Amino acid sequence: MVIAAFALNGSAQKMMKLNDALKTNSEPMPVKMRGGSMMKYDFGEYKTILAKAGWNSSKSGRSRGIEESESKQKASIELKGNSNDTCFINISLNETSESIRERVVSLSKNRVAWEREQEPSKVSKLTNIVATITTSADTSTWNFVYVVKMSNQGAEQNYSSGFLTDGTQKIEIKSIRVWDNGKTPTFYSEVGYEFDLDGVVIAAVQNPMDTLQKKFVWLKNGLDARTKLILAAAAAIVLTFHNQTPA
């Protein structure tokens, strides 16, 4: 039913609500996808020359009505532009969830009994993407962090936040949840991200969960080649793991 709804609502190509200055000073680069052990994403002059999955592990346990589970995924990506410089990306996706089940107590004839178990009373899910980005051009390291918390205790309990930094500069990562026509998606929340440096949006990625809608990357005109390569690497991280971190 969800797929049918996507097909019904997604026949026309949509574009995310883009910052006006970035829209004026950039060109949308359509994302091309290629298969393999992991999907590879190419856009503009940037091409993924390697995308390799790392190890996967999971562990779970139950104690006193609390269920916890943790899963980890790792991947490595190499991205290249028109120059000779190559970007090396190591990514870790970590997810922890907790569901707490409450039992309803009944009192009858001075006897306490478990009447039934509500299923579940509380669900909390914390997902984070942590990545390091290095290039063949220098020895500096950029760190990419994005965290999403989900709870069924109300929207005020949910949050998402991210940044990209080399220890000197800090680029904020902000989720975009509106299409250019002002409408929001029906079956998911995020349609893309903006990258903000000191109040100026310098890049954006459109990567909706709806597979009928195209993916795009924007990089602000006038940025130096190294900054563009770092932002392209951040876009590759988003394209690789974005749909596993709904907010």
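Any residue in the stretch 168-186 that's at negative phi and assigned to a loop (DSSP other than H, G, I, E, B): show its pairings with residues that are modelled with pLDDT of 90 or more and among the aliphatic types (A, V, I, L, M) at Cβ separation under 6 Å, as long as the two are six or more apart or on different chains. Note: pairs meeting the criteria are D180/M15; T184/V178. For the stretch 187-212, a residue qualifies if it is among the hydroxyl-bearing types (S, T, Y) and either assigned to a loop (DSSP other than H, G, I, E, B) or at positive phi (or both), and the qualifying residues are Y188, S189, T211.
Within the stretch 201-213, restricting attention to residues that are more than 14 Å from the chain's Cα centre (by Cα) and at pLDDT 95 or above, the residue that is surrounded by the fewest Cβ atoms within 10 Å (Cβ to Cβ) is V201.
Looking across the stretch 172-190 at every residue that is modelled with pLDDT of 90 or more and among the β-branched types (V, I, T), the one that is farthest from V238 (Cα to Cα) is identified as V178. If you go through the stretch 214-231 and keep only what is of a type in the set (G, A, S) and either at negative phi or at pLDDT below 95 (or both), you end up with just A225.
The values are calculated or read from the model by the stated rules, or taken from the named source; none is laboratory data. In this text the structure is predicted, and so the values were computed from the model without any measurement. In this analysis, Cβ positions are derived from the backbone assuming ideal geometry, glycine residues included, and neighbour counts consider all displayed protein chains.
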